[in-house]
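> Attaching a single structure in structure tokens format; questions to follow.
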Amino acid sequence: SFMMLNQEGKELLKLKGFFNWRGFDKNGIAYVAVNEKTGFINRDGKILIPFQYDMWSPVTEYCYSEGLFGIGKNGKFGFVNDKNQVVI
């Protein structure tokens, strides 16, 4: 399980299950895997992309570039926009 708090100790996000993540990038975005499904969160605890992908894309260093999130599903890699629509 994972709990994200702000500086005042207020709970921003709570996730249950096996948790894995890479730290926040310069844009304040992090890839997160919950029960082996990957999505993205921001520093405010908002889930930007739901946890439905098999892995993050190895194409970008921090999985986010030029407004697109790198994802992998069913052995294929691509990018989704902030509306979780596949664009590449």
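The values are calculated or read from the model by the stated rules, or taken from the named source; none is laboratory data. Remember, predicted model here, so these are calculated numbers, not experimental data. These area figures cover heavy atoms from the full protein model, side chains too; ligands, DNA and RNA do not enter into them. Shrake-Rupley method; radii C 1.70, N 1.55, O 1.52, S 1.80 Å.
> Identify all residues within region 22-59 that are among the aliphatic types (A, V, I, L, M) and in a loop (DSSP other than H, G, I, E, B); write none if there are none.
Taking region 22-59 as the starting set, the residues that turn out to be among the aliphatic types (A, V, I, L, M) are 29-30, 32-34, 41, 47-49, 55, 59.
If the condition is that a residue be among the aliphatic types (A, V, I, L, M) and in a loop (DSSP other than H, G, I, E, B), then Val59 is the only one that fits.
> Of everything in region 50-88 that's of a type in the set (A, V, I, L, M, F, W, C) and open to solvent by 60 Å² or more (accessible area, probe 1.4 Å), which residue is modelled with the lowest pLDDT? Step through it out loud before you land on a result.
Just the residues of region 50-88 that are of a type in the set (A, V, I, L, M, F, W, C), to begin with: 51, 55-56, 59, 63, 68-69, 71, 77, 79-80, 86-88.
Right, trim to open to solvent by 60 Å² or more (accessible area, probe 1.4 Å) and you get 55-56, 59, 77, 86-88.
Values: Met55: 83, Trp56: 75, Val59: 59, Phe77: 86, Val86: 92, Val87: 92, Ile88: 81.
Going through the qualifying residues, I end up with Val59.
> Condition first: assigned to a loop (DSSP other than H, G, I, E, B) and within 13 Å of the chain's Cα centre (by Cα). Can you find one or more residues in region 4-21 that meet it? Show your work before the answer.
Within region 4-21, the subset assigned to a loop (DSSP other than H, G, I, E, B) is 6-10, 16-18.
If we keep only those that are within 13 Å of the chain's Cα centre (by Cα) too, we end up with none.
No, because not a single residue in region 4-21 is assigned to a loop (DSSP other than H, G, I, E, B) and within 13 Å of the chain's Cα centre (by Cα).
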